[in-house]
Every structure is written in C-alpha cells, then in structure tokens.
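Following: one structure in structure tokens, then a few remarks.
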Amino acid sequence: MVTWRGRLIAERYGEGITEHTPLESWSMGKSLTATLIGVLVKQGIYDLWQPAPIPEWQSAGDPRAKIRIADILHMSSGLRINAPQDPDYDPSGTYPDHLYLYTGSVDSFHYAATRPLQWPPNTVGRYRNTDPVLINYLIRLGVEKQGEEYLSFPQRALFDKIGIRTMVLETDPFGIF
C-alpha cells in the first residue's frame, strides 16, 4: 500500500489475495496492542513511565511492582519466560512459556502476570509474548476502570476513527484478544 498526504494512492496484493481477504495477523497484533495502549495514554488513563498497575504485582515487596509500562512495551519487563529463541534455551526442558501462553488453554493475563522476575526491569530485552499480553491486560483494566466495554474498545477508540470497518479481532475462551 502507498499513501500520500493521508490518502491511499496505490495498492497491490499477492496471488489469491484481495482487499477483502481476511488474514491472520499473529505478531502484527503486537503493534495493534501498542497502538491501543497509546490511545489510553493519550486519554490520560496511563503514563508510559508509571509502574504498570498489574493487580498481581501490588502486594508489599513484590519486585515486579517496579516494572513500568514502557519497560513492557520495550519487551524488557525482566519477567522469567523460557523461549526457543533464547541463547540459554534447552529444547529437552519444559515446553516454552513463550508458546504455552497461546497454546496452553490458560488465562493468558493471569499466566503472564504471575511469571517471576528474572532480571531488573529495563536491563535485558528479549522477544516475549508475555509482554504484549500484559499490555493487553492493562488495556482491559484501563477500559473497564472507565466503565467502558473492553470487547468493543478497539473498534470505538481506534478503528472507527480511522475508517476501518472490517477488522475482526478474535478472543480466546477467556474473552481476551
């Protein structure tokens, strides 16, 4: 797609694909999640540099309470997650948390929020599925704190504003995007 001055001026698609073909986004959803937290930051619900108000981290002395929203967005939360792309990953060990988060039929918000700290926040950056899930958790918490509906928030707060009428976001069995 090519845009100029905010207008679409050219588009081309691969074989068998048209502008009406639904496609899976996989990790492209991470950018959408970051955009939606940006909407909440713009609304004043959150500040990027504030400690992330994850309920599971609020007990006295929990070191995760120091993790900032920006740290999570940078994938440098410091949470312990084993992933196949890690330099210290052992394929003979347990199933990777990085994948289990999406394949384990678990509440991904709770699973991500209950991982222990491995490094101090903002010191080690690693590609982690848990960090975008935590941003999505913050989106849900922020939207519901305002008395709004989480499941319709992306359409109302983003897609309607930029003219997208055909986006389909699916949820897991727990109602989580």
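General remarks:
- Residues (of a type in the set (A, V, I, L, M) and either under 19 Å from LEU138 (Cα atoms) or part of a loop (DSSP other than H, G, I, E, B) (or both)) located in the stretch 151-168: LEU151, ALA157, LEU158, ILE164, MET167, VAL168
- Take the conditions (1) touching a Lys or Arg at 6+ places or on another chain (Cβ under 7 Å); (2) farther than 23 Å from ASP172 by Cα; (3) surrounded by 17 or more Cβ atoms within 10 Å (Cβ to Cβ); PRO132 misses just one of them, which is (2).
- The stretch 143-175: number of residues that are under 20 Å from GLY6 (Cβ atoms) and surrounded by 10 or more Cβ atoms within 10 Å (Cβ to Cβ): 7
- For LYS30, the conditions (1) of a type in the set (Lys, Arg); (2) farther than 19 Å from TYR137 by Cβ; (3) open to solvent by less than 60 Å² (accessible area, probe 1.4 Å) all hold with the exception of (2).
- Selection within the stretch 37-71: residues that are among the β-branched types (Val, Ile, Thr) and part of a loop (DSSP other than H, G, I, E, B). The member of this set that is most open to solvent (accessible area, probe 1.4 Å) is ILE45.
- Within the stretch 78-128, tally of residues that are assigned to a helix (DSSP H, G or I), aromatic (Phe, Trp, Tyr) and in contact (Cβ under 8 Å) with a residue 12 or more places away in the chain: 3
- Any hit, the stretch 104-122, residues being farther than 24 Å from SER31 by Cα and either open to solvent by 70 Å² or more (accessible area, probe 1.4 Å) or of a type in the set (Ser, Thr, Tyr) (or both): yes
The values are calculated or read from the model by the stated rules, or taken from the named source; none is laboratory data. Keep in mind that this is a model prediction, so the values were computed, not measured. Note that we place each Cβ from the backbone using ideal geometry, even for glycine, and neighbour counts take in every protein chain shown. These area figures cover heavy atoms from the full protein model, side chains too; ligands, DNA and RNA do not enter into them. Shrake-Rupley method; radii C 1.70, N 1.55, O 1.52, S 1.80 Å.
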